[in-house]
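A short worksheet on the structure shown next.
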Amino acid sequence: MTEAPMPLAAAVSVLDDTPGENIHDARILIADDEPLSVRLLASILQKQGFKNLRFAEGGRAALDLVQSFLPDLVLLDMQMPDIDGLEVCRRVRSEPSFVDIPILVQTATVNRKEMGELFAAGASDFLSKPINPSELVARVIVHLERRNLLRELRGYRERISRELDAARRMQFELLPSPDLQQEIAASAGLQMASYNRSSSEIGGDLWGVLPIDGSRFGVFLADFTGHGVNAALNTFRLHALIHEYKALHEDPAALVAMLNERLVRLLPPGQFATFLYVVVDHAAGELRLASAGAPSPIVTNGLHGASYLVDASGIPLGITGGATYEQRVRPFGAESRLLLFSDGLPEFPNGLGARIGEAGLVKAIDGCDPALKPQEVIDRLCLAAGIKPHSALPDDTTIICIDRRVGAKALPCSDRIFSPSLMPASVSVGN
């Protein structure tokens, strides 16, 4: 038997608790062509403190008011003379601005098929007729609170996005500009290029160039554990420390040891950084370097000399105090090349799930024509590792190529970029 409609006086007396003020201010659109039903709904809501109500006598009027009134919630009758509630739902949801407006549909008969059609059309919830006042108010409050939470979440995400954009720009400003790289390279009679991409909005890789004097400059590369905000904040700390100890820039081992002592006190447990600092002495034709667990740099001596990995062992920065670091010296004469990189390059999983590894990078760089410029070398190494321009990076990736092969001539086979025999077995050109 169908339950008789509740008398209006009884309906408006239910629920003594009133929702919060922000809910009271909500704009509610009631779309129904039955005046008695409209009076009932309005009375129940007004009793609970909802004053900002508008009314539509049909589907077309409801669509017009959605555009002009911008409701926070719509109470929509399914049966209306011009456009039914199902079509109103579809049209409202087709507007990107209204995709999250709660739409509560009133219907006298509901079966599984109709429920499926309602939700497919975009209804948020439904109310069975005759309307139960307690249920009406409870559902209205729930959906309005949910809408407020979505607004707060959207605002929070927009604010975080703006702050991350600002942090990304600040972090980018820490890196050597192309002009600075060219200035340093020109003064030393060599060429330089770099690649830097974060795996998320902001990352934990940092590199820089430190002018020392007319014959030397330093290059550092740091990679902090983790990604995102914490790792990025640590790069700001390290950048400040490196420039604070300018007197140590010509002594790689002393600089690395001092940075470790400071970071041991600054970093929380579990956070650390690998770090490599190289002094390029182009007048003496040598490299002096110290490492805190960074990936081994690759050096190629001579136009056709074999490339090799330089030992870069050492305790990462920030793990333990009192660590000592070894200074290593390697030749870097005319027509030599130096490649520095974070572990995002050798550990990038290509389309086959394979990683090129450090040994694979050595083979790939040996396959590069000596006449290639540093940026072209970096591009070829990314290709060999499987990193494409829009590849999702699982780790922050930095590459620096410093090349003393200015004016080098191409090999007789001028179109040779890679020697296939030197490519890693897991990598094929064009992947």
| said: If amide hydrogens are placed 1.01 Å from N in the peptide plane, which non-local residues have theirs closer than 5 Å to the one on Glu326? | reply: Ser291
| note | For the chain, the longest principal axis of the Cα atoms and the Cα long axis of helix 374-385 enclose an angle in degrees, to the nearest 10, of 60
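Please work out how much length the chain gains when fully extended from Leu180 to Glu261, using 0.36 nm per residue of separation minus the C-alpha to C-alpha distance, in nm with one decimal. The partial results should precede the final answer.
Values: separation 81, 0.36 × 81 = 29.16 nm, distance 2.96 nm.
So the extension gain works out to 26.2 nm.
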| query | Taking R0 as 60 Å, what's the FRET efficiency between Glu34 and Leu164 from their Cβ-Cβ distance, rounded to 0.05? | reply | 0.75
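Before anything else, pin down the relative contact order of the range 175-422: Cα pairs under 8 Å, at least 6 apart, normalised by residue count, whole percent.
Working: 552 pairs, mean separation 56.3, N = 248.
Value for the range 175-422: 23 percent.
Based on the alpha carbons, how large is the Rg to Rh ratio for the chain when Rh follows Kirkwood?
Numbers: Rg = 33.3 Å, Rh = 26.6 Å.
Here the Rg-to-Rh quotient is 1.25.
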| query | Roughly what would the spin-label model give for Leu153 and Val406, points 7 Å off Cα along C-beta, in nm? | reply | 5.7
| field | Set of the range 202-216 residues, backbone N closer than 18 Å to the point 7 Å along the Cα-Cβ line of Glu286 | value | 212-216
| task | Starting at the first residue of the range 210-216, write each ³J(HN,Hα) from the Karplus equation 6.51 cos²θ - 1.76 cosθ + 1.60 with θ = phi - 60°, in whole Hz, x for Gly and Pro. | result | 10, x, 10, 7, x, 10, 9
| query | If you plug each phi of the range 389-404 into the Karplus form 6.51 cos²θ - 1.76 cosθ + 1.60 with θ = phi - 60°, what whole-Hz ³J(HN,Hα) values come out, in order, with x for Gly and Pro? | reply | x, 10, 5, 6, 9, x, 8, 4, 9, 10, 9, 10, 10, 10, 10, 9
| Whichever lysines have a C-alpha closer than 30 Å to that of Lys388, once near sequence neighbours (fewer than 8 apart) are set aside | Lys363, Lys373, Lys409
| query | Got a sec to turn the phi values of the range 175-180 into Karplus ³J(HN,Hα) couplings, 6.51 cos²θ - 1.76 cosθ + 1.60 with θ = phi - 60°, whole Hz, x for Gly and Pro? | reply | 6, x, 5, x, 5, 5
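For Leu393 and Tyr308 in the same chain, what is the full-extension length gain: residue separation times 0.36 nm, less their Cα-Cα distance, in nm? Walk me through the intermediate numbers first.
On the way: separation 85, 0.36 × 85 = 30.60 nm, distance 2.61 nm.
In short, 28.0 nm is gained.
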| message | What whole-number distance in Å separates the alpha-carbon centres of the range 188-243 and the range 278-345? | response | 15
| remark: Amide H proximity to Gly314 below 5 Å, modelled H, separation 5+ or other chain, gives Gly293
| message | How tilted is helix 252-266 with respect to the longest principal axis of the chain? Cα atoms for both, answer in degrees (0 to 90, nearest 10). | response | 30
| query | In terms of Cα to Cα distance under 20 Å, which lysines are near enough to Lys129, apart from those fewer than 8 places away along the same chain? | reply | Lys47, Lys113
| Considering only Asn234, Leu149, Ala188, whose Cα is most displaced toward the positive end of the charge dipole of the range 149-276, charges sitting on Cβ of Lys, Arg (+1) and Asp, Glu (-1)? | Leu149
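Could you grab the Rg to Rh ratio for the range 219-260? Cα atoms only, Kirkwood for Rh.
Details: Rg = 11.0 Å, Rh = 11.0 Å.
My calculation of the ratio gives 1.00.
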| Cα-based helix-to-principal-axis angle, 357-366 vs the chain, degrees rounded to 10 | 60
| said: 5 Å is the cut-off here: which amide hydrogens, built 1.01 Å from N in the peptide plane, fall below it relative to Val105, excluding neighbours closer than 5 in sequence? | reply: Leu76, Ser124, Asp125, Phe126, Leu127
| request: Return a whole-number percent for the relative contact order of the range 218-274, with Cα pairs under 8 Å and 6 or more residues apart as the contact set. | output: 49
| In which sequence would Lys373, Lys363 go, from the one with the fewest C-beta neighbours within 10 Å to the one with the most? | Lys373, Lys363
| task | Would you calculate the volume per residue, in Å³, of the smallest convex hull containing every Cα atom of the range 8-154? | result | 102
| message | With only alpha-carbon atoms in the gyration tensor, what are the semi-axes of the equivalent ellipsoid for the range 175-422, in Å, largest first? | response | 28, 22, 15
| Using a Gaussian network for the chain with springs between C-alpha atoms less than 10 Å apart, which of these wobbles most: Gln48, Gln271, Gln327? | Gln48
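Over the chain, calculate the relative contact order: mean separation of alpha carbon pairs under 8 Å at least 6 apart, over the residue count, as a percent. Write down the numbers at each step before the final one.
Values: 820 pairs, mean separation 50.5, N = 431.
Relative CO of the chain lands at 12 percent.
Since every read-out is calculated from the coordinates, none of them should be taken as a lab result. Predicted model, so just to flag it, every value in this text is computed and none were measured. Cβ sites come from the backbone with ideal geometry, for glycine too, and all protein chains shown count toward neighbours.
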